[in-house]
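Peer 1: If you scroll down you'll find the structure; I have some questions about it.
The values are calculated or read from the model by the stated rules, or taken from the named source; none is laboratory data. Computed from a prediction, not measured in an experiment: that's the story for all the values here. Heads up, the Cβs are rebuilt from the backbone with ideal geometry, glycines too, and the neighbour counts pull from every protein chain shown. Only protein heavy atoms, including side chains, enter the accessible area calculation; ligands, DNA and RNA are left aside. Shrake-Rupley method; radii C 1.70, N 1.55, O 1.52, S 1.80 Å.
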Amino acid sequence: MKLLVIGLGQCGGRIADRFARLNHRGHAQRGINVLADAIAVNTDVTDLSGLRTIKPDYKHRILVGGQRTNGHGVGKVSELGAEIAKENTDKIIDAIRVTERFYETDAFLLIAGAAGGTGSGSIAVVTQHLKERYIGKPVYNVIVLPFRQEETTETRAVFNTAMCLKSTYLVADAVFLIDNQRYVKKDSAADRNLSTVNARVVEPFYNLLCAGEETNQKYVGARTLDAGDIIQTLAGWTVIGEGRSQIPRRMPLCMPKRDFRYKMNETSKAAHAMDQALGELSLTCDPKDAGRALYLVTAPPKEMSMEVIKELGDNLKLMAPDALIRSGDYPRQKGSLDVAVVLSELRTVRKITNYFTKAIDLISVMKSKRGLGYETRQLEETFNDIPMLL
Ligand SMILES: Nc1nc2c(ncn2[C@@H]2O[C@H](COP(=O)(O)OP(=O)(O)OP(=O)(O)O)[C@@H](O)[C@H]2O)c(=O)[nH]1
Ligand SMILES: [Mg+2]
């Protein structure tokens, strides 16, 4: 699957930059391009200068609202971010039009941090514009949720996040949710090292995007997961994760391949990788709430019998009984068995309902009449009360 990636604001730009690096890796390791191109849009000159891989010309690093902000960002005012995006959609479309491989693009992937101003305010506006202009081409969003500490110290962070989530949900074909706080908990060394967080955010996309782009027959799976399967799976609130089992270089000599222990070993490695993928989802959620799901197993061909794939499918069905599940195998790498999992069309996500509830409380505090019993409200009810950025 080939994506045209557009990063908005600092967070979005940096993650788009990581996607550009992923593309270089695909090209170098596998001779595959997974991106049609990568573009960064920002109101801040310094942020644009700090990128490493996205091409440095003005069609790839697009400065918007320079006159309004003097090139220093919108200072977390996402309404201003939205306004500037509306005024500059032509500039962004012009850049997309000259993209060399635009005709190969399967979908757009727009990325932004929800708590900031530029990315948070502009992502829904640009998404809506792309949807209207390129009818039939899916537009997906990646929304990065703030660290807990930001939520507790900056009221604006919660408010921006709620407005961004609502607006993006209304216009995008699917919204990948990335919880910054998850990555802190998982690995204390990553702590607030954003570069490490970003690398981990994009990693689960690597095999998923490569699998359908393979042209070498040797690496085409029995059941290829291609762009069509991914597009059919993605809808609404979505999370992604990846797990890995190391494969020892040599099997114990005493264990013949037909031995039952060998078989057990084979399936347990795959099951372990899937458990890890579900445990490391980009946002904590209950798989039972998923309406659609997919998994991709990437491993050396001999590690991937149809039995293993089927068993993983059964496992996932138990975890996500209401999900329509798609799957694929990708006989590619050496030394490990990786399982990437996407859960999509999530009916409810507690963390999002919490943002909406908190934002409504903030609004009512601002109007100095406290709301009654918001804690017990459901996602749909809270959703209606959040202002939009469109
Ligand atoms: N994962 C990750 N999160 C980031 C990164 N940079 C910023 N963030 C998060 O994104 C939010 C802030 O958004 P930014 O992207 O910095 O804001 P902006 O869109 O540039 O908007 P303004 O600076 O207000 O004009 C905060 O929650 C940060 O924790 C990054 O490189 N990686
Ligand atoms: Mg900024």
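Peer 1: What share of all Cα pairs of the chain, in percent, falls into each consecutive 10 Å distance bin?
Peer 2: Computed distribution, short to long bins: 5, 23, 32, 24, 11, 4, 1, 0.
Peer 1: How far is it, in nm, from the label point at TYR103 to the one at LEU170 when both lie 7 Å from their Cα along the line to the Cβ?
Peer 2: 3.7
Peer 1: By how many nm would the segment from ASP90 to GLU381 grow when fully extended, if each residue of separation counts as 0.36 nm and the alpha-carbon distance is taken off?
Peer 2: Result: 101.2 nm gained on full extension.
Peer 1: Go ahead and run the numbers for FRET between ARG350 and GLU154, Cβ-Cβ distance against an R0 of 22 Å, rounding to 0.05.
Peer 2: Calculated value: 0.55.
Peer 1: How large is the helix-only mean residue ellipticity at 222 nm for the chain, computed as the sum of -39500 (n - 2.57) over DSSP H runs with n ≥ 4, divided by its residue count, in deg cm²/dmol to the nearest 500?
Peer 2: Value at 222 nm, helices only: -13500 deg cm²/dmol.
Peer 1: Could I ask something else about it? Set the bar at 22 Å for Cα to Cα. Now go through LYS317/LYS358; LYS302/LYS334; LYS2/LYS302; LYS269/LYS351 and name every pair that lies beyond it.
Peer 2: Beyond 22 Å between Cα atoms: LYS317/LYS358; LYS2/LYS302; LYS269/LYS351.
Peer 1: What's the extension gain from GLU203 to ASP275 if we count 0.36 nm per residue and subtract their Cα-Cα distance?
Peer 2: 24.2 nm
Peer 1: May I pose another question? Looking at VAL171, THR43, ILE363, which one has the Cα that reaches farthest to the positive end of the dipole of the chain (charges on Cβ: Lys, Arg +1; Asp, Glu -1)?
Peer 2: About the Cα centre, the residue reaching furthest to the positive side is THR43.
Peer 1: Okay, moving on. For the chain, what relative contact order do you get, as a whole percent, if you take Cα pairs closer than 8 Å and at least 6 residues apart?
Peer 2: Here the relative contact order equals 16 percent.
Peer 1: Shifting gears a bit: Taking +1 at the Cβ of each Lys and Arg and -1 at the Cβ of each Asp and Glu, which of LEU324, ILE247, GLY236 sits farthest along the dipole of region 217-344 towards its positive end, judged by Cα position relative to the Cα centre?
Peer 2: ILE247
Peer 1: Another one. Can you give the FRET efficiency for ARG21 and LYS59, using 1/(1 + (r/R0)^6), R0 = 22 Å, r = Cβ-Cβ distance, to the nearest 0.05?
Peer 2: 0.70
Peer 1: How large are Rg and Dmax for region 3-202 when calculated on the C-alpha trace, in angstrom?
Peer 2: Taking only Cα atoms of region 3-202, I get Rg and Dmax of 15.7, 46 Å.
Peer 1: Considering only lysines 8 or more places apart in sequence, or on different chains, count the pairs in region 3-202 whose C-alpha atoms sit under 18 Å apart.
Peer 2: Value for region 3-202: 9.
Peer 1: Take every DSSP beta bridge whose two residues both sit in region 217-344, then give the antiparallel share in percent to the nearest 5.
Peer 2: The antiparallel proportion sits near 65 percent.
Peer 1: Sort region 217-344 into rounded, prolate or oblate with this rule: let a ≥ b ≥ c be the square roots of the eigenvalues of the Cα gyration tensor; rounded if a/c is under 1.5, and if a/c is not under 1.5, prolate when a/b is larger than b/c, oblate otherwise.
Peer 2: prolate
Peer 1: Report, in debye and to the nearest 20, how large the dipole of region 1-155 comes out about its Cα centre when Lys and Arg carry +1 and Asp and Glu carry -1 on their Cβ.
Peer 2: Charge dipole of region 1-155: 540 debye, to the nearest 20.
Peer 1: Could you give the dipole magnitude of the chain about its Cα centre, charging the beta-carbon of Lys and Arg +1 and that of Asp and Glu -1, in debye to the nearest 20?
Peer 2: For the chain, the charge dipole is close to 800 debye.
Peer 1: Could I ask something else about it? So, with a 1.4 angstrom probe, what is the percent of accessible area on the chain that is carbon and sulfur?
Peer 2: 50
Peer 1: Hey, what's the chain come to in accessible area per residue, 1.4 Å probe, Å²?
Peer 2: Counting only protein heavy atoms, the per-residue value for the chain is 45 Å².
Peer 1: Which ³J(HN,Hα) values, rounded to whole Hz and listed in residue order, are derived for region 13-21 from phi using the Karplus coefficients 6.51, -1.76 and 1.60 in 6.51 cos²θ - 1.76 cosθ + 1.60 with θ = phi - 60°, glycine and proline given as x?
Peer 2: x, 5, 6, 4, 4, 5, 4, 4, 5
Peer 1: For region 1-53, just list the percent of Cα-Cα distances falling in each 10 Å bin from zero outward, please.
Peer 2: 29, 49, 20, 2
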